[in-house]
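Undergrad: This structure is in structure tokens; I'll ask about it shortly.
Nothing in this text is a laboratory measurement; each read-out follows from the coordinates by a stated rule. Everything numeric here is computed off the predicted structure, so don't read it as measured data. Positions of Cβ are backbone-derived with ideal geometry, glycine not excepted, and every protein chain shown enters the neighbour counts.
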Amino acid sequence: VRPSGGECEGAYSDPYVSLITLTASAKPEGEYIGPVDHLQSLRDSWDTTYHALRNAMVRAGFESHQWTYDRRAEPHRGDRGGGVNVGYGHEHVVLITDGPVSHADLTPVIDTHVRENPYAGEAAHGRQSTEIKAANELTDVASYVADYCSIEARPLTERSPAYLMWAAAATACGYRTVSRSDSATQAVKADMCKQRYE
């Protein structure tokens, strides 16, 4: 619902939301690696992982205008059982498709991430790495995604030490914590423009 009370017309007739989690161990060989090196491994493996995502969408029968993604990074948190990874980053790819996808469709994406990232292990990237829901199953898609990705509008002074460690490492290596497909970027810009106008 827009500030004027009007609603935004959906671009997809049968939208599905898939959440793909890409992570890597902070202690792969029994000793911690530096948080900047850890983030760089996530950044370096994304390009090939993205191509696997694009190819997976083609194999599943989607054309380029029938899917889009928003990729977000966040630190592991202790209250979610982060274990040795607390304060180290991981990524969520929010994939929106016009039609259903399956875990099998997304398995090559996860497999590519595990193969390309030297700190990613298969144990952390099983079926639990993907969650798929039809948009009509959700009360509020934005709230669902924000909760899953821990998106909170809070100043750094109110953040946990784990979050500050991750944010400092991300700043130190120029790591982009948000990236989107071109179609998602254009949709966000158009929506922001419309809401500012209203």
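Undergrad: Find how many whole Å separate the alpha carbon centroid of segment 11-54 from the alpha carbon centroid of segment 125-196.
TA: 14 Å
Undergrad: Right, here's the next one. In terms of the Cα gyration tensor, with a ≥ b ≥ c the square roots of its eigenvalues, is segment 16-83 rounded because a/c is under 1.5, prolate because a/b exceeds b/c, or oblate?
TA: Verdict is prolate for segment 16-83.
Undergrad: Taking K and R as +1 and D and E as -1, what net charge do the other residues with C-beta under 13 Å from the C-beta of Pro28 add up to?
TA: Net charge in that neighbourhood comes out at -3.
Undergrad: Hydropathy at least -1.0 by Kyte-Doolittle, axial extent at least 18 angstrom from the Cα trace: which helices of the chain, defined as entire DSSP H runs, fit?
TA: 35-59, 103-116, 182-197
Undergrad: If a/c stays under 1.5 just call it rounded; otherwise compare a/b with b/c (prolate if a/b is bigger, oblate if not). Do that for segment 106-198, with a ≥ b ≥ c from the square roots of the Cα gyration tensor eigenvalues.
TA: It is oblate, given that a/c is not under 1.5 and a/b is not larger than b/c.
Undergrad: Can you check what the net charge comes to around His38, using other residues whose Cβ is under 14 Å from the Cβ of His38 (Lys, Arg +1; Asp, Glu -1)?
TA: -4
Undergrad: Per 5 Å bin, what percent of the C-alpha pairs of segment 1-117 does each bin hold, from zero upward?
TA: Once binned at 5 Å, the Cα pair distances of segment 1-117 give 2, 10, 18, 19, 16, 12, 10, 8, 3, 1, 0, 0.
Undergrad: Would you calculate, for the chain, the mean residue ellipticity at 222 nm contributed by helices, counting each DSSP H stretch of 4 or more residues as -39,500 (n - 2.57) and dividing by all residues, to the nearest 500?
TA: Mean residue ellipticity at 222 nm (helix-derived): -12500 deg cm²/dmol.
Undergrad: Taking a ≥ b ≥ c as the square roots of the Cα gyration tensor eigenvalues, with a/c under 1.5 meaning rounded and otherwise prolate when a/b beats b/c, else oblate, which class fits the chain?
TA: Since a/c reaches 1.5 but b/c is at least a/b, the shape of the chain is classed as oblate.
Undergrad: Next up: I want the local charge near Ala60. Using Cβ-Cβ distances under 14 Å, sum +1 for each Lys or Arg and -1 for each Asp or Glu among the other residues.
TA: With Lys, Arg at +1 and Asp, Glu at -1, the neighbours total -2.
Undergrad: Check cross-link reach from Lys194 to the aspartates and glutamates: straight Cα distance under 19 Å, and skip same-chain residues fewer than eight apart.
TA: Once the sequence-local aspartates and glutamates are set aside, what remains near Lys194 is Glu7, Glu9, Asp182.
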